[in-house]
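The structure under discussion appears below in the form of structure tokens.
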Amino acid sequence: MRRNTPERFWARLEKSGECWNWMGSTSGGYGQLSYRRRPVRTHRLAWELAYGPIPAGLSVCHHCDNPRCCRPDHLFLGTPGDNARDCFLKGRSYQHTFPDDPRLKAHLSAFHAERLRRLAPEAVA
């Protein structure tokens, strides 16, 4: 039985462009594999191999917004709130994709609107 090793992981990345794209299976756009008998997202594994363990409660986010990218210098650690703010400020949130959706307008209660103002006050009028 062949086991995944750091060397085999790095070899499965396509490194011809700015991003180092995972060439294996994906789920929700993110690379995935089994590593040391546990399922992992490849960008999280890239972070751990390059920099060490991911502190509890933090996410591994992409500067490049490419979910298949595993290039360590394209990744950064952040809280779920940091990740949501990054998504919103870059125009990748549901609010930006479907701004006229009546379900979205109904969902954005005063609580949600205030929360968005706190996350990105310069982006919300």
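Just so you know, all these numbers are worked out from the coordinates, no wet-lab data involved. This structure is a prediction, so every number in the text was calculated from the model and none was measured. For neighbour counting, all protein chains shown are included, and Cβ atoms are generated from backbone atoms with ideal geometry for every residue, glycine included.
Compute the Rg to Rh ratio over region 1-77 from the alpha carbon atoms, using the Kirkwood formula for Rh, and round to two decimal places.
Using Cα coordinates only, the ratio equals 0.93.
Fewest first, what order do Trp22, Trp47 take by the number of other Cβ atoms within 10 Å?
Ordered from fewest to most neighbouring Cβ atoms within 10 Å, Trp22, Trp47 come out as Trp47, Trp22.
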